[in-house]
Structure formats: structure tokens, C-alpha cells
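First up is the structure itself, then whatever we jot down about it.
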Amino acid sequence: MFAQPVLGPRVRSRHGTKLSFGGLIGRYNGAGQILQSDASGHFSLSLDLRNTPTPNGAVSILPGETWNFQGWFRDANMSGPTSNFTNGLEVTFTL
């Protein structure tokens, strides 16, 4: 999931993760974009910067733009499955 730009207030989820939402919020949830982490909890997703999903359709990320990315994941634990977010990542794109 990503937001560009982040303008909204920072809020805390019930698990303590800080979230910042605002602007256009998109989700990478197409075929092959919902992933499972490895044994150490890591995952990676290759992005097509010319085809970035938004609520208004796909857009290109252009040099000089700053976008914010954050993963949403599910955990299985003894009390049952939970949902949480990774730390956010802000990226300024250059040529």
C-alpha cells in the first residue's frame, strides 16, 4: 500500500504502529503482488513505476516526486491471526 503525498495526521493502530494516510492511497493487490514473507520475515516486490495503481487508475511515478510506501501483513500467533503494518518508507525518485 502507498500514499502520495502523505498529508493526513499520524495515527496509532491498536498494535502501536504509526500510520500516515492522506492524498491518494493505492494498493498493490494484483496477481503476484500479495506475498508471503521468508523465514526471517522479509519480502520484496518489484514495482513497475510506469504502472502504479491509484484509486483513479494507474499512473507513472515521475522524477522529483516523493512517494510513501508501507506493507500490510497478517501474523499468526497463539491468540489467533492479527493484522499490522510495516514501518513506512519515503522515497524521492530521481533520474
Of all strands (runs of 3 or more DSSP E) completely enclosed by segment 40-95, which ones contain at least 1 residues that are among the aliphatic types (A, V, I, L, M) and free of Cβ contacts under 8 Å to residues at least 24 places away in the same chain? 72-77, 89-92
Considering residues of segment 23-50 that are more than 23 Å from ARG74 (Cα to Cα) and within 15 Å of the chain's Cα centre (by Cα) only, the residue surrounded by the fewest Cβ atoms within 10 Å (Cβ to Cβ): ASP48
Examine segment 20-37 for a residue that is among the hydrophobic types (A, V, I, L, M, F, W, C) and at pLDDT below 80, and state whether such a residue exists. yes
With respect to ARG14, is the statement that it is loosely packed, with under 10 Cβ neighbours inside 10 Å, of a type in the set (Lys, Arg), in a loop (DSSP other than H, G, I, E, B) and at pLDDT below 85 true? yes
Looking at ALA58, is it exposed (fewer than 10 other Cβ atoms within 10 Å of the Cβ) and either over 15 Å from LEU89 (Cβ atoms) or at pLDDT below 85 (or both)? no
Output the number of residues of segment 63-86 satisfying the condition of being more than 18 Å from ARG27 (Cβ to Cβ), surrounded by 10 or more Cβ atoms within 10 Å (Cβ to Cβ) and modelled with pLDDT of 85 or more. 2
Among the residues of segment 38-50, which ones are within 18 Å of GLY88 (Cα to Cα) and modelled with pLDDT of 85 or more? HIS42, PHE43, SER44, LEU45, SER46, LEU47
One residue is enough: does segment 50-59 have a residue meeting the conditions touching a Phe, Trp or Tyr at 6+ places or on another chain (Cβ under 7 Å) and closer than 16 Å to GLY23 by Cβ? yes
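The values are calculated or read from the model by the stated rules, or taken from the named source; none is laboratory data. These numbers come from a predicted model, not from an experiment. Cβ: placed from backbone, ideal geometry, glycine included. Neighbour counts: every protein chain shown.
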